[in-house]
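The values are calculated or read from the model by the stated rules, or taken from the named source; none is laboratory data. Since the structure is predicted, the reported quantities are computational estimates derived from the model, not experimental observations. Neighbour counts run over all protein chains shown; Cβ positions are idealised from the backbone, glycine included. In case anyone asks, the SASA skips ligands and DNA or RNA and just uses the protein heavy atoms, side chains included. Shrake-Rupley method; radii C 1.70, N 1.55, O 1.52, S 1.80 Å.
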Amino acid sequence: MFDAGSAPALPVESWPKPRLEKAYRNYAMEYVRTAAPVMVQLFGPEDARHLLHITGKLIGMQHFDEIAQALSLGRGSAKEFAAFVCALLEAQDDVVGVADSGGTFEVRQQTWKLMADVADYHPACASVLCGLLEGLAAGCGRHIPVAMRAAANGDPPFVWSIG
């Protein structure tokens with residue numbers, strides 16, 4: 001019989017806040033790295049694309065304020081949301097740039113390091129990122145439209161049209 005009391009445990013209560021935050025971040029990132037390809041395998045690309053998109057969108061809508069606070073940013077116009085997207089992607093160690101096209105902002109994401117070395121990556125996996133940014137845009141309460149363009153094979157660069 002398993003005895004939880006005698007099982008080894010990490011001393012998380014003594015960890016400093018930055019270490020806990022890094023552990024939570026790494027857990028969440030690894031979850032996406034493994035779950036997205038499995039969803040494609042289980043449900044097929046089309047159903048997985050839909051499920052990943054909806055999942056990302058719900059997460060974004062729920063966590064905008066928390067993420068914005070962590071990035072020292074807040075609600076605003078399409079311009080501020082484009083800056084938010086850049087900060088979020090840069091926090092994931094991705095290379096990004098932004099251009100203003102007359103009130104519509106294009107954020108060009110050159111890399112997606114989270115999935116860069118995932119052997120069973122499928123283009124449908126990018127739907128979670130698309131849904132997340134749509135959800136974050138909805139969560140900021142400004143009805144800012146977000147659209148993604150990707151290479152035909154689903155690899156970066158991703159171009160996010162915002163506004």
Helix-derived mean residue ellipticity, 222 nm - over the chain, DSSP H n ≥ 4, -39500 (n - 2.57), to 500: -17000 deg cm²/dmol
Lysines with Cα under 27 Å of residue 17, excluding same-chain neighbours fewer than 8 positions away: 113
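Give the accessible surface of the chain per residue, rounded to a whole number of Å², with probe radius 1.4 Å and ligands, DNA and RNA excluded.
On the way: 9630 Å² over 163 residues.
Accessible area per residue: 59 Å².
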Accessible-area composition of the range 119-163, carbon plus sulfur, in percent [1.4 Å probe]: 57
Cα gyration tensor, the chain - rounded (a/c under 1.5), prolate or oblate: oblate
Residue 100 paired with residue 147, simple spin-label distance in nm, labels 7 Å along Cα-to-beta-carbon: 2.2
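Could you give the size of the charge dipole of the chain about its Cα centre, using +1 on the Cβ of each K and R and -1 on the Cβ of each D and E, expressed in debye and rounded to the nearest 20?
Values: 13 positive and 18 negative charges, 60 e Å.
Taking the Cα centre of the chain as origin, the dipole is about 300 debye.
In the range 58-109, what percent of the accessible surface is made up of carbon and sulfur (1.4 Å probe, ligands and nucleic acids excluded)? Before the final figure, lay out the partial values.
Numbers: 1490 of 2850 Å².
Here carbon and sulfur together make up 52 percent of the probe-accessible area.
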Theoretical FRET efficiency, 1/(1+(r/R0)^6), r = Cβ-Cβ of residue 43 and residue 93, R0 30 Å, to 0.05: 0.55
